[in-house]
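What follows draws every value from the coordinates through simple rules; no lab data is involved. In this text, all values refer to a predicted model and were calculated from it rather than measured experimentally. Don't worry about glycine lacking a Cβ; one is built from the backbone with ideal geometry, like all the others, and counts go over all protein chains shown.
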Amino acid sequence: MKTIIAINNLSKQYASGHQALKKINLEIKSGEIIALLGPNGAGKTTLISVICGLVSPSSGSVHVNGFNIIKDYRETRALIGLVPQELTLSAFESVWNTLNFSRGLFGKKPNKAYIEQLLKDLSLFDKKDTELRLLSGGMKRRVLIGKALSHEPRILFLDEPTAGVDVELRKDMWNIVRRLRDTGVTIILTTHYIEEAEEIADRVGIISDGELLLVEEKHALMQKLGKKQLVLELRDAIDHIPESLNAYALTLSDEGYKLTYRYDTRSDRTGITTLMKAINASSLTLKDLQTQQSSLEDIFIDLISSKENLK
Amino acid sequence: MNIQAVKVIYKYEMLRTWKTLFQSIASPVLSTSLYFIVFGSAIGSRIESIEGVPYGSFIVPGLIMLSLLTQSIANASFGIFFPKFTGTIYEVMSAPLSHYEILLGYVGAAASKSFIIGIIILATAGFFVDLDIKHPFWMMFFLILTCITFSLFGFIIGLWATNFDKLQLIPLLVITPLVFLGGSFYSISMLPPFWQTVTLLNPVVYLISGFRWSFFEVADVSIWTSLVIILGFLAFCLALVAWMFKTGYRLQN
């Protein structure tokens, strides 16, 4: 796939001295959905803001479709739609007018049919003459998406699109994102909901404290970094773990009926065979056993905490 | 140039005017009419003519300037401050348009609105006093130049202001006193010599004097001095706004 956004050694230091981005390098492919995952204050919004022209970079460069975001800002910005994190809308404008305003800002001639279809896709058509202040939070969020799409961009930035949005609406939003991807739009979303990245992203980038810790294809990431756990269900309860199994750092739960063993899928030796042999040699009798893959959330917490530990 | 964008900003700002018709147009017209009634008719009838111009007519250029200045500043400063305040400015800043196109949209709309108000006040004045404009071309020129210059100044205030208090600060504490003391209601030749000299430090004096000359050929200072001062102020505002854009002042982090 063609690279649509190329970020090279991008750094941003605010006037306050806060280093929001530290030498970020990232290539985003045309047509993919990439989720930038990170805790609050990690630098996700700053990264988006630099690419969209709201924040000027301190050093490094960003190219969008081969154009430099500073030198060729007209070309790059015309390709981009931005949905901000906050519900920032003019209160007294109608849905219809605000979408047409956005389209015009990006230099496009009015296109009634396109805006009509867009509003229909976002289930907003029946609200087209309503003033923005009268809309619910979820609808306002959809209006912001509509505004971002009003000039037919090829790249869409969604900054925390589902922050403070209920479950139903969140799923609705994911469907909108998937439909957009099907039309060829490249989507970059920031989120601190792991579930969101896991659900819709093709690739996941993890940002913490201004650094891009890693970028991986989602499934590969989960496989590569994922820890698994083996849960052993015992026929008879035990009150302590036999000494012969001490080497395996097992945990006992469920009133002595459950033993849990955590292992790393990345290591050559997971220790499962020797553990099973040791259990065989002990007096324990197994009733059942199962393995569980850790979620993206566990991976995320692992990464962030290992970085903290390094400091 | 992104003409489409300039057009939508202009249209949006003008639409705001029609939506708040009373506040935008009726209110300055009403307050000016009150000035005419009080100063022009009630008090003015007891004041002799100034340099051959009846007092009621004499104050017309000053009153128009008073409204033009306050309205140009208020419109332009609010136009850019409000999207900054609500956060909707992100859209304008991330659109493919240069700072000067943004300026053209916002200042163009504010200046147009002030121009309309100026014309309406002029027409209103016609109901109260006889107006014989000696130099209509110069009158229009001064009117338009003032609308543009002070809308630009208002835009700068709107960019600079970080809260509503600051937004009001300069119009209220600087502009209004300067206009009132700049010869709106009197000729500076009526002042004692010392205050005549002090008054010449007030830039608004030149503005009102030039504008009044275009009506009655009566002026406190030469028309050319007036022209140089107002063009100088326009150049100052342009330089300031250019610096603001270059450094991303209050617009870009």
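Here are some notes:
- Take each peptide in A:12-18, B:178-184, count the other Cβ atoms within 10 Å of every residue, and average; sorted highest first, the result is B:178-184, A:12-18.
- Listed cross-link partners A:Lys147/B:Lys84; A:Lys109/B:Lys19; A:Lys2/A:Lys228; A:Lys44/A:Lys171; A:Lys2/B:Lys7; A:Lys228/A:Lys258 are compared with a 27 Å cut-off, the Cα-Cα value being larger for A:Lys2/A:Lys228; A:Lys2/B:Lys7.
- Computed E for B:Phe141/A:Phe125 - FRET, C-beta separation, R0 56 angstrom, nearest 0.05: 0.70
- Extending 7 Å from the Cα toward the beta-carbon at both A:His18 and A:Tyr114 defines two label points whose distance is 3.7 nm.
- Estimated vicinal HN-Hα couplings, Hz - the range A:92-109 in sequence order (Karplus 6.51, -1.76, 1.60; Gly, Pro = x): 9, 8, 8, 4, 4, 5, 5, 5, 5, 4, 4, 4, x, 4, 8, x, 9, 5
- Gain on full stretching of the segment that runs from B:Asn253 to B:Val228 - 0.36 nm per residue minus C-alpha separation: 5.4 nm
- Taking the DSSP bridge list for the protein assembly as shown and keeping only pairs wholly inside it, about 70 percent are antiparallel.
- Among A:Ser267, A:Ser59, A:Ser150, a tally of other beta-carbon atoms within 10 Å of each Cβ gives an order, fewest to most, of A:Ser267, A:Ser59, A:Ser150.
- The angle separating the long axis of helix A:112-121 from the principal Cα axis of greatest extent in chain A is about 20 degrees.
- Semi-axis lengths, largest first, of the ellipsoid equivalent to the range A:3-223 are 28, 20, 17 Å, with √(5λ) applied to each eigenvalue of the Cα gyration tensor.
- For the pair A:Lys171 and A:Glu243, a Förster radius of 45 Å applied to the C-beta separation gives a FRET efficiency near 0.35, rounded to the nearest 0.05.
- Shown here is the pair-distance distribution of the range B:1-50: with all Cα-Cα distances grouped in 10 Å bins from zero up to the longest one, the shares run 23, 24, 21, 17, 12, 3 percent.
- Unit charges at the beta carbon, dipole of the range B:3-247: most positive-side option, B:Phe194, B:Thr17, B:Ser112: B:Thr17
- With viscosity 0.890 mPa s and temperature 25 °C, the Kirkwood radius over alpha carbon pairs of the range A:227-293 converts through Stokes-Einstein to a diffusion coefficient of 202 µm²/s.
- Here's how it looks for A:Ser11: its modeled amide H is under 5 Å from those of A:Lys23, A:Ile24, A:Ser58, A:Ser59, A:Gly60, which are all 5 or more places away or on a different chain.
- Counted by Cβ distance under 14 Å from A:Gly256, the other residues give a net charge of -2, where Lys and Arg count +1 and Asp and Glu count -1.
- Computed from Cα positions, the angle between helix B:55-86 and the longest principal axis of chain B comes to roughly 10 degrees.
- Under 5 Å between amide hydrogens, built in the peptide plane, is the criterion, and for A:Leu213 it picks out A:Ile206, A:Ile207, A:Ser208 among residues at least 5 positions away or on other chains.
- Amide hydrogen proximity for A:Ile4: with H placed 1.01 Å from N in the peptide plane, the residues at 5 or more positions away or on another chain lying under 5 Å are A:Ile28, A:Lys29, A:Ser30.
- Around the Cα centre of the range A:99-210, unit charges on the Cβ atoms of Lys, Arg, Asp and Glu (plus for the first two, minus for the last two) sum to a dipole of about 700 debye.
- Taking a point 7 Å out from the Cα of A:Glu152 in the direction of its Cβ, the residues of the range A:159-193 whose backbone N falls within less than 18 Å of it are A:180-186.
- 3J(HN,Hα) from dihedral phi, the range A:33-38, Karplus parametrisation 6.51/-1.76/1.60, rounded to Hz, x for glycine, proline: 10, 10, 9, 9, 10, x
- Under the Karplus curve 6.51 cos²θ - 1.76 cosθ + 1.60, θ = phi - 60°, whole-Hz ³J(HN,Hα) for the range A:242-248, x wherever Gly or Pro sits: x, 4, 5, 9, 4, 5, 9
- Cut-off 15 Å (backbone N to label point 7 Å along Cα→Cβ of A:Gln290), residues of the range A:200-231: A:229-231
- Farthest positive-ward along chain B dipole, Cα basis, beta-carbon charges - from B:Leu122, B:Ala161, B:Phe211: B:Ala161
- With both residues required to sit in chain A, DSSP beta bridges show an antiparallel share near 70%.
- Bins of 10 Å from zero: percent of alpha-carbon pairs in the range B:3-247: 7, 31, 35, 19, 7, 1
- Cα centre as origin, Lys/Arg/Asp/Glu Cβ charges: the range A:3-223 dipole, Debye: 740 debye
- Helix B:223-247 vs. chain B, principal-axis angle (Cα, 0 to 90°, nearest 10): 20 degrees
- Relative exposure of B:Lys246, A:Lys218, judged by other C-beta atoms within 10 Å (fewest first): B:Lys246, A:Lys218
- Within 10 Å of each Cβ in B:96-109, the average number of Cβ atoms from other chains: 2
- Virtual spin-label span in nm between B:Ile116 and B:Val218, 7 Å along Cα→Cβ: 3.3 nm
- Rounded to the nearest 0.05, the FRET efficiency derived from the C-beta distance between A:Gln223 and A:Thr88 at R0 = 35 Å is 0.35.
- Within 10 Å of each Cβ in B:82-95, the average number of Cβ atoms from other chains: 6
- Partners for A:Lys218 among aspartates and glutamates (Cα-Cα distance below 17 Å; same-chain residues under 8 apart left out): A:Glu27, A:Glu32, A:Glu195, A:Glu196, A:Glu198, A:Glu199, A:Asp202, A:Glu297, A:Asp298, A:Asp302
- Panel order for A:Ser282, B:Ser57, B:Ser189, by other beta carbons found within 10 Å of each beta carbon, from fewest to most: B:Ser189, A:Ser282, B:Ser57.
- The three principal axes of the Cα atoms in the protein assembly as shown give end-to-end lengths of 122, 50, 46 Å, sorted in falling order.
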